[in-house]
1. For region 134-149, indicate whether the set of residues that are modelled with pLDDT of 95 or more and closer than 11 Å to Ile32 by Cα is non-empty.
2. From the list Leu200, Leu239, which one is aliphatic (A, V, I, L, M), more than 16 Å from the ligand (Cβ to nearest atom), over 20 Å from Gly73 (Cα atoms) and in contact with a helix residue (DSSP H, G or I) (Cβ under 7 Å, 6 or more places away or on another chain)?
3. Would you please name the residue that is nearest to the ligand (Cβ to nearest atom), looking only at residues in region 96-146 that are in a loop (DSSP other than H, G, I, E, B), polar (S, T, N, Q) and crowded, with 23+ Cβ neighbours inside 10 Å?
4. Of the residues in region 147-160, how many are surrounded by fewer than 19 Cβ atoms within 10 Å (Cβ to Cβ) and either part of a helix (DSSP H, G or I) or within 16 Å of the ligand (Cβ to nearest atom) (or both)?
5. Within region 4-28, track down each residue that is touching a strand residue (DSSP E or B) at 6+ places or on another chain (Cβ under 7 Å) and not hydroxyl-bearing (Ser, Thr, Tyr).
6. Assuming Gln84 fulfils every condition listed in (1) touching a strand residue (DSSP E or B) at 6+ places or on another chain (Cβ under 8 Å); (2) in a loop (DSSP other than H, G, I, E, B) apart from one, which condition is it?
7. Show the residue pairs meeting these rules: Cβ distance below 6 Å; 6+ apart or different chains; first residue within region 14-43 and more than 18 Å from Lys250 (Cα to Cα); second residue assigned to a strand (DSSP E or B).
8. Within region 2-18, restricting attention to residues that are under 18 Å from the mean Cα position of the chain (by Cα) and in a helix (DSSP H, G or I), which residue is farthest from Glu166 (Cα to Cα)?
Amino acid sequence: MSKSLEVLFTPAEYNALSQRDLSDSLCVVFDILRATSTMVTALANGATAIIPVAEISEALAIRQRQPAVLLAGERDGMRIRAAQTGGIDFDLGNSPREYIRERVDGKTIVITTTNGTRALRACATAKKVLIGSFLNLRSIASWIRDQLPPHLLLVCSGTHEQAALEDTLAAGALCEKIWPHYALGRIADSAEISRRIYPLLQSDLYGAMRHSRNGQRLLANPALREDVRTCIQRETISLVAELCKDGMVKKLE
Ligand code: MLT
C-alpha cells in the first residue's frame, strides 16, 4: 500500500477530520505546551490512565462515579479552582512538573485542557492515536519505524484557532526521524514545511519558544515559566502512549 505523511497545523484542519476516513491512519497529536507533554510525564511517573475530557462538568461527573480519580487541568493556563466548579478544587493543573511519582503513581487522572483535548477528540476515529511530545519522540519514531502505518497524520493542537510554533517543530522533528520510510509516498507540503523548519531552530528550542504565543504566555508567568524548559527536553522518557478506544490514554505495552 502506498504511504502518506501529512501534518495538520491548525484547529480548523483537525476539526475537519470528521469528514475523512481515518480507518487506516495513525494520528500523533502534539500539544507541546503543555497537555501532551504532561500526559506523557504522568504515565512515565506511574499514572495508570488519563481520561481527557472537554468540559469541567464531565470531569466532575467522572469523579462522582469514581471518587479515587485525580482531577486535573487548566483554564487560561491555571489550575481549576473551586470557584470554577461550584466547590471542588482540582488536584493538579496542567504543568508536567506537578505530575511527580508521589502524586500520580497508580492513579487514574481525569484531565480537561483546551486545545490538547480538542485535538485528541478530533482524531477519535483513527485506527490509532498516539500522544506526541519532545520528551518521548525517539520512542514514538521507533514504534512507527517498526509498525510502518500506511497513513500518518501529525496533528498540531495549536494555540486558540491558530498554528503553534512548538507543535510544528515537534511534528518536524518526528518527520525527520521517519522520513526515509515515507519519502517515496505521498508527502504533503505541510510535512515538508515542518521538516524544513525544525533544523533551523533545533539548536535553541528555548529561544524559539520566545517567539511562540504559548511560549510567551508561559514565560510571562513566574509560576509556569519553568514548564517551557521542561516541555522542550528531548528524549527524557522512553514510552509510547495511546488514546485507547475507551477514551483513556494509556502506555502502549
Ligand atoms: C491546551 O490544552 O490548550 C494547553 O495545554 C494549555 C496549557 O498550556 O495549559
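The values are calculated or read from the model by the stated rules, or taken from the named source; none is laboratory data. Just so you know, these numbers come straight off a predicted model, no measurement behind them. As a convention, Cβ positions derive from the backbone with ideal geometry for all residues, glycine included, and neighbour counts pool all protein chains shown.
1. yes
2. One residue alone meets the criteria, Leu239.
3. Of region 96-146, the ones in a loop (DSSP other than H, G, I, E, B) are 99-100, 105-107, 113-114, 123-127, 133-136.
Retained after the next criterion (residues that are polar (S, T, N, Q)): 113-114, 125, 133, 136.
Adding the requirement that they be crowded, with 23+ Cβ neighbours inside 10 Å leaves 113, 133, 136.
On the way: Thr113: 3, Ser133: 11, Asn136: 17 Å.
Checking each candidate, the answer is Thr113.
4. Qualifying residue count for the region: 2.
5. Scanning region 4-28 gives Leu5, Glu6, Val7, Leu8, Phe9, Asp24, Leu26, Cys27, Val28.
6. (2)
7. Tyr14/Leu8; Tyr14/Val155; Asp24/His151; Ser25/His151; Ser25/Leu153
8. It comes out as Leu17.
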